[in-house]
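S.K.: Here it is, the structure, as structure tokens.
What follows is calculated from the coordinates using simple rules that are stated; it is not laboratory data. Quantities reported herein were computed from a predicted structural model and do not represent experimental measurements. When we count neighbours, we look across all protein chains shown, and the Cβ atoms used for this are built from the backbone with ideal geometry, even at glycine.
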Amino acid sequence: MGIRVSIRIINPNNNRSIITSGLLNSGYESREPEITIPKRLAEQLGYYPLPNNARIITVRTSGGLVTEIFIPKAARMELLDQEK
């Protein structure tokens, strides 16, 4: 079962940030931490046009193969306080 939390995603190259929800404990594992966001958020954070180090990759998901744009070390994430 996934857990949703409030997060801030920051593009360290231009300091743009956005507050959104993040899904934790989804059962997905990777060698290094990953942040996957929809194209609309990527545009708002200034990832278009794509930086030179961006790569097009194909990943296997439970729903089949998916093509993604991978930008290494392109974002920081902060967990926001849920208590108000």
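S.K.: Please sort by residue number the GluC sites (Glu not before Pro) in the chain whose DSSP state is loop and whose Cβ has at most 16 other Cβ atoms within 10 Å.
M.R.: Details: sites: GLU29, GLU34, GLU43, GLU68, GLU78, GLU83; in loops: GLU29, GLU34, GLU83.
Counting only loop positions with at most 16 other Cβ atoms within 10 Å, the GluC sites (Glu not before Pro) in the chain are GLU29, GLU34, GLU83.
S.K.: Would you calculate the convex hull of the Cα atoms in the chain and tell me its volume per residue in Å³?
M.R.: Values: hull volume 9.7 nm³, N = 84.
Expressed per residue, the convex hull around the Cα atoms of the chain is 115 Å³.
S.K.: Starting from 0.36 nm per residue, how many nanometres of slack lie between THR58 and ARG31 once their C-alpha separation is accounted for? Please report the intermediate quantities before stating the final value.
M.R.: Working: separation 27, 0.36 × 27 = 9.72 nm, distance 1.62 nm.
Net length gain for the segment: 8.1 nm.
S.K.: Using only helices, what value at 222 nm comes out for the chain when you add -39,500 (n - 2.57) per DSSP H run of length 4 or more and divide by the total residues, to the nearest 500 deg cm²/dmol? Write down the numbers at each step before the final one.
M.R.: Numbers: 1 runs with 6 residues, N = 84.
After summing the helix terms and dividing by the residues of the chain, the value is -1500 deg cm²/dmol.
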